[in-house]
Ligand SMILES: Cc1cc2nc3c(=O)[nH]c(=O)nc-3n(C[C@H](O)[C@H](O)[C@H](O)COP(=O)(O)OP(=O)(O)OC[C@H]3O[C@@H](n4cnc5c(N)ncnc54)[C@H](O)[C@@H]3O)c2cc1C
Ligand SMILES: Cc1cc2nc3c(=O)[nH]c(=O)nc-3n(C[C@H](O)[C@H](O)[C@H](O)COP(=O)(O)OP(=O)(O)OC[C@H]3O[C@@H](n4cnc5c(N)ncnc54)[C@H](O)[C@@H]3O)c2cc1C
């Protein structure tokens, strides 16, 4: 079996079975480069319809199912070993309930992130999670990939905001967990289990989120610093700063140049960059920028700029999209202890990687640039970095690469101690292996 | 020596051999098996139902926990973990007897790492001891249940505890990065870690709040939170409960997230006043204890906005704590509220329910009406900002007919919480107390998926049987009928 097999075979799939057919509006779509996914597609209009379809499938055809939202992250993980059905969530995109004064919202999983954000902004509220490609990405897809961005330092991630879910398991059972109130400990917290589960445990149909007020404004302090060692010194000062940043980003010159270019801002990128974000009322933001400037700038800092208003918004967006912007051969993410990040970034820089670090959280996103356009070269670079990541309990996951390369890449990272347990749980919830099989926590052996 | 175990289903020869082997694992000081010694462990903070474990062991290491659990599997006897026993839902009740594994001797802080902002602790560590150990570092462990002077981090992990500052900072699960768990078959699972985003499913998130049904937590990796730079603490005095709840709704609705927002009604205030003479107005319908925190440049603005909103909704006055000492005094009265209830009534039952915050006026009116209907006195002190109510039903346990009315009223209040779109527990858990509500809150499908999860990790059902889920597949589940309401309070 070749994991990298492309999807052309899917065109030959028959779509038969009458009762099966009754739920189906199967349509052929062009085979997709990279994804190894099928050409069959089912677009339910209600969660009930979806649940019937999945139940029927589990008993009859037993096709594998891949839920899809905005299709921005379908390349995550390994390619599907066999073609199945794409379950498009595009019509399950309704607002279910938005009691704004309770600061919660319930939406269907296919709602686009941008629509969610607009609805919330009308009430001066937000889901404070940075989600790349918000015009396309959906609530369900973002949640299933546990996506995040720079502001996770100040605001946390999906697990901190999801308070209720409805989902359909592989047997078609529509189930829910949690509820619509902000505090609730009744039953197992299956919401947490589904965050980041990549559509392998259930198809999310509805999500209830806890919300936050929109801050009046936000800004960044952007500084170029002599070396990563000097930045580490600043990061340590930040630990007991008087300021409470919402983001602490470090960029090497290659990444900084890409981000500044995509944000259409003029900022220095000729040395490693420390970019600290703050938010709040205008007064708070002014005060924080002043104090940060005093606390951080001394010998070792070359240039220091305040980024405000529209420029700040564009920088946020570029910092969020960096992880997805690659036409380049390969993008990876390493999760480390914050204290290891600068050494890792330095090594990656020497290897010619464009590096963004969510330094407060220990996450490093690296893009191998065009020079590394062969699988052998990419592998050499990763082989240098993986042991560094593993040395203190971290890991390195390839987010994006050429479909042909996947079998040789750590698409899910190296095996973690608890994977056997997770696989056991997967088998329990999806005994026939129908939901996104082979794409998650697999292939450790090939690593 | 007559052991309780000898009287249970195990033959005496077998029980003797089990005791010998347990002693070999935990040492003779690490085991209790005499009737009199076991009495202390017949219940936790939920005193309604009582049952002695056959044996209590006090392991001092993960390896010992593993050996003990393996032995239970070999002898096929049930086991239940216990921390400080402050559970208000009967989480520690040894249903079906068997072994109780008390974690209180595993209480070391294994590591504090400020650079990477985590601490690794053993499960028996008392919550407040971690905060004390962090004093002066600029960091703290955020979850602060009112029982924090006694309850353990392992217990907090198992019940996903909250506290007054949950409103802004989140509950236990938001502060746990990983854990070591001895699974019900005696194997060790390492969940999460000292780094974020460990590839795979978030089993850490699933295990927090499992109420001891998925294994025994032997280590917890917690996040450390930066201390706030400044606070402002206020006391809003209102004529009526309705005015106070409207103020809550206005504050949250205005996009302000205070660090804490707690309500006490007249019943509680007058009890507190009798007990401690804080100088509270006795004729006020309700008071709100409100705290904002953040940057020094911001807290005054925020406090002023809150004061204005309180006045708009009819606050008679809003007092501000001007010194740390005054702040401490305000918090002291909030935290001692339950101690004062003893003055009002010989017994009391604390309920724990949640409603959407805008439904607070409705649920409080319902509670008042419910009290009148059943001729019961009910007072309220609770985490208002989260919509997490704690009505306290006062009664005399010698009066059986009154006791029956308390049970009825509690059920009606929790039923109303469900009807208003809420939940029957915000922080105390299901335990044995609220099992009968699970199928009102969840559908058979929801419960089936939860059962699959439990059976995946706890297939023989030996670990904490009879808790949380209404039917317990694969093990003898003797459900304890509810005869009396709980008496302890919690806030
Ligand atoms: C090149 C590129 C790189 C990216 N890199 C990153 C990255 O490094 N880190 C990051 O966090 N984000 C990354 N993303 C961001 C991506 O935008 C988010 O993950 C996005 O939120 C996914 O949403 P979607 O609706 O597009 O999901 P899709 O791409 O449609 O689906 C993503 C995954 O979620 C599953 N899924 C979708 N909907 C559901 C549902 N309703 N129920 C259950 N499962 C579902 C799918 O089966 C699939 O496994 C990247 C995107 C691109 C294009
Ligand atoms: C006065 C008072 C005030 C309270 N205030 C609050 C409050 O503000 N917020 C709140 O959330 N709760 C509150 N509670 C409830 C209680 O204190 C919490 O549930 C607490 O987390 C229990 O901790 P414990 O160590 O006492 O655990 P225990 O009561 O010993 O156990 C609780 C549950 O956890 C399980 N357990 C314990 N340790 C472990 C372990 N190591 N591994 C696996 N399972 C384990 C037990 O089996 C049981 O099911 C209060 C209780 C009282 C008496």
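The values are calculated or read from the model by the stated rules, or taken from the named source; none is laboratory data. Since the structure is predicted, the reported quantities are computational estimates derived from the model, not experimental observations. Cβ coordinates were reconstructed from backbone atoms using ideal geometry, including for glycine residues, and neighbour counts include every protein chain displayed.
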| query | Does residue B:332 fit the bill of being part of a helix (DSSP H, G or I), without any contact (Cβ under 8 Å) to a residue 60 or more places away in the chain and within 24 Å of the chain's Cα centre (by Cα)? | reply | yes
| request: Kindly check whether there is at least one residue in region A:180-187 that is assigned to a loop (DSSP other than H, G, I, E, B), within 15 Å of ligand 1 (Cβ to nearest atom) and not assigned by TED's automatic domain parsing to the domain that holds residue A:295. | output: no
| query | Do we find a residue being over 17 Å from the mean Cα position of the chain (by Cα), under 29 Å from residue B:457 (Cβ atoms) and buried (at least 18 other Cβ atoms within 10 Å of the Cβ) anywhere in region A:409-416? | reply | yes
| said: Tell me whether region A:201-218 contains one or more residues that are within 10 Å of ligand 1 (Cβ to nearest atom), within 10 Å of another protein chain (Cβ to nearest Cβ) and not in a strand (DSSP E or B). | reply: yes
| query | So, of the residues in region B:26-45 that are touching a strand residue (DSSP E or B) at 6+ places or on another chain (Cβ under 8 Å) and buried (at least 18 other Cβ atoms within 10 Å of the Cβ), which turns out to be modelled with the lowest pLDDT? | reply | B:44
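Mind checking which residues of region B:419-447 are part of a helix (DSSP H, G or I) and either within 16 Å of ligand 2 (Cβ to nearest atom) or crowded, with 18+ Cβ neighbours inside 10 Å (or both)? Give the steps one after another, and end with the answer.
The initial filter retains those residues of region B:419-447 that are part of a helix (DSSP H, G or I), namely B:419, B:435-441, B:444-447.
Passing the criteria: B:435, B:437, B:438, B:441, B:446, B:447.
Does residue B:343 satisfy being more than 23 Å from residue B:386 (Cβ to Cβ), away from every other protein chain (no Cβ under 14 Å) and touching a helix residue (DSSP H, G or I) at 6+ places or on another chain (Cβ under 8 Å)? Full working, then the answer.
On the way: more than 23 Å from residue B:386 (Cβ to Cβ): yes; away from every other protein chain (no Cβ under 14 Å): yes; touching a helix residue (DSSP H, G or I) at 6+ places or on another chain (Cβ under 8 Å): yes.
Here the answer is yes, as residue B:343 does meet what is asked.
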| task | Could you please let me know if residue B:209 is buried (at least 24 other Cβ atoms within 10 Å of the Cβ) and either assigned to a loop (DSSP other than H, G, I, E, B) or out of contact with any helix residue (DSSP H, G or I) (no Cβ under 6 Å at 6 or more places or on another chain) (or both)? | result | yes
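When you scan region B:152-163, how many residues do you find that are surrounded by 24 or more Cβ atoms within 10 Å (Cβ to Cβ) and over 20 Å from residue A:191 (Cβ atoms)?
Restricting attention to region B:152-163, the residues satisfying the condition of being surrounded by 24 or more Cβ atoms within 10 Å (Cβ to Cβ) are B:152-162.
Now narrow it down to the ones that are over 20 Å from residue A:191 (Cβ atoms): B:152-155.
Residues flagged as surrounded by 24 or more Cβ atoms within 10 Å (Cβ to Cβ) and over 20 Å from residue A:191 (Cβ atoms) within region B:152-163 amount to 4.
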| Does residue B:414 meet the test of being within 13 Å of chain A (Cβ to nearest Cβ), over 27 Å from residue B:202 (Cβ atoms) and either modelled with pLDDT of 95 or more or part of a loop (DSSP other than H, G, I, E, B) (or both)? | yes
| query | Which of the strands (runs of 3 or more DSSP E) contained wholly in region A:300-408 include at least 2 residues that are within 12 Å of ligand 1 (Cβ to nearest atom) and within 14 Å of chain B (Cβ to nearest Cβ)? | reply | A:330-335, A:363-368, A:395-401
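Matching residues to (1) within 12 Å of ligand 1 (Cβ to nearest atom); (2) farther than 23 Å from residue B:226 by Cβ; (3) assigned to a helix (DSSP H, G or I); (4) touching a strand residue (DSSP E or B) at 6+ places or on another chain (Cβ under 7 Å):
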| position | (1), (2), (3), (4) |
| --- | --- |
| A:121 | no, yes, yes, no |
| A:130 | yes, no, no, no |
| A:134 | yes, yes, no, no |
| A:142 | yes, yes, yes, no |
| A:147 | yes, yes, no, no |
| A:153 | no, no, yes, yes |
| A:165 | yes, yes, no, yes |
| From the list B:140, B:129, B:175, which one is at pLDDT 95 or above, over 15 Å from the mean Cα position of the chain (by Cα) and within 22 Å of residue A:363 (Cβ to Cβ)? | B:175
| task | For region A:220-260, enumerate the residues that are within 23 Å of the chain's Cα centre (by Cα), away from chain B (no Cβ under 14 Å) and in a strand (DSSP E or B). | result | A:220, A:247, A:249, A:250, A:251
| message | Which count do you get for residues in region B:143-169 that are modelled with pLDDT under 95, part of a loop (DSSP other than H, G, I, E, B) and at the interface with chain A (Cβ under 8 Å from one of its Cβ atoms)? | response | 1
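Would you confirm whether any residue within region A:108-116 is away from every other protein chain (no Cβ under 14 Å), in a strand (DSSP E or B) and within 12 Å of ligand 1 (Cβ to nearest atom)? Working first, answer last.
Applying the first criterion (away from every other protein chain (no Cβ under 14 Å)) to region A:108-116 yields A:108-116.
Of the ones still in play, those that are also in a strand (DSSP E or B) are A:108, A:112.
With the extra rule that they be within 12 Å of ligand 1 (Cβ to nearest atom), the set shrinks to A:108, A:112.
Yes, that holds for at least one residue.
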| task | Could you check, for region B:175-193, whether at least one of its residues is touching a helix residue (DSSP H, G or I) at 6+ places or on another chain (Cβ under 9 Å), part of a helix (DSSP H, G or I) and either closer than 28 Å to residue A:413 by Cα or more than 8 Å from ligand 2 (Cβ to nearest atom) (or both)? | result | yes
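Anything in region A:427-439 that is more than 8 Å from chain B (Cβ to nearest Cβ) and out of contact with any strand residue (DSSP E or B) (no Cβ under 6 Å at 6 or more places or on another chain)? List them, or say none.
So the first thing to find is which residues in region A:427-439 are more than 8 Å from chain B (Cβ to nearest Cβ), and the list is A:427, A:430-439.
Once the filter is applied, which keeps residues that are more than 8 Å from chain B (Cβ to nearest Cβ) and out of contact with any strand residue (DSSP E or B) (no Cβ under 6 Å at 6 or more places or on another chain), region A:427-439 yields A:427, A:430, A:431, A:432, A:433, A:437, A:438, A:439.
Out of B:362, B:412, B:397, which single residue is within 16 Å of residue B:245 (Cβ to Cβ), in contact (Cβ under 8 Å) with a residue 40 or more places away in the chain and surrounded by fewer than 24 Cβ atoms within 10 Å (Cβ to Cβ)?
On the way: B:412 fails: within 16 Å of residue B:245 (Cβ to Cβ); B:397 fails: within 16 Å of residue B:245 (Cβ to Cβ).
Only one candidate passes the filter, namely B:362.
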| task | Could you identify the single residue in B:237, B:299 that is surrounded by fewer than 24 Cβ atoms within 10 Å (Cβ to Cβ), in a helix (DSSP H, G or I), in contact with a strand residue (DSSP E or B) (Cβ under 8 Å, 6 or more places away or on another chain) and not assigned by TED's automatic domain parsing to the domain that holds residue B:160? | result | B:299
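I need a count of the residues in region B:287-296 that are more than 14 Å from residue A:287 (Cα to Cα) and either surrounded by fewer than 21 Cβ atoms within 10 Å (Cβ to Cβ) or at the interface with another protein chain (Cβ under 10 Å from one of its Cβ atoms) (or both).
Let us first name the residues in region B:287-296 that are more than 14 Å from residue A:287 (Cα to Cα), namely B:287-293.
Imposing the further condition that a residue be either surrounded by fewer than 21 Cβ atoms within 10 Å (Cβ to Cβ) or at the interface with another protein chain (Cβ under 10 Å from one of its Cβ atoms) (or both) reduces the set to B:293.
Summing the residues that are more than 14 Å from residue A:287 (Cα to Cα) and either surrounded by fewer than 21 Cβ atoms within 10 Å (Cβ to Cβ) or at the interface with another protein chain (Cβ under 10 Å from one of its Cβ atoms) (or both) in region B:287-296 gives 1.
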| field | Cβ-Cβ under 6 Å pairs, at least 6 apart or on other chains, region A:319-341 side within 16 Å of ligand 2 (Cβ to nearest atom), far side assigned to a loop (DSSP other than H, G, I, E, B) | value | none
